[in-house]
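Visitor: After the structure tokens below, expect a handful of questions from me.
No lab work stands behind these numbers, since they all come straight from the coordinates. Source: prediction; values computed, not measured. Ideal geometry is used to build each Cβ from the backbone, glycine not excepted, and the neighbour counts take in all protein chains shown.
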């Protein structure tokens, strides 16, 4: 009877160990997923902070420098001052065109 009890107790401990090992493995995988997610979010946060700093600097320049506003108006808004000369260049073909030769 003691032998069967020891066998049953050993099997119970083995089962408990396996359940605990699976639970720990699951927790470990979840922790690794969370770490990867945190790394991804930190990278996105860094990108957002960089963009915010660039935009803040641009806003400061536009508020302080009237020439910066004029530059944006000219480049983005395609505006000009009275008396400015406007040069419009024809678009060049993207691929070179073959030259046709005359028959002699």
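Visitor: Scan segment 72-90 and tell me whether some residue there is surrounded by 10 or more Cβ atoms within 10 Å (Cβ to Cβ) and assigned to a loop (DSSP other than H, G, I, E, B).
Guide: yes
Visitor: Taking the condition touching a helix residue (DSSP H, G or I) at 6+ places or on another chain (Cβ under 7 Å), without any contact (Cβ under 8 Å) to a residue 60 or more places away in the chain and either farther than 30 Å from residue 81 by Cα or part of a helix (DSSP H, G or I) (or both), does residue 62 pass?
Guide: So residue 62 fits the description; yes.
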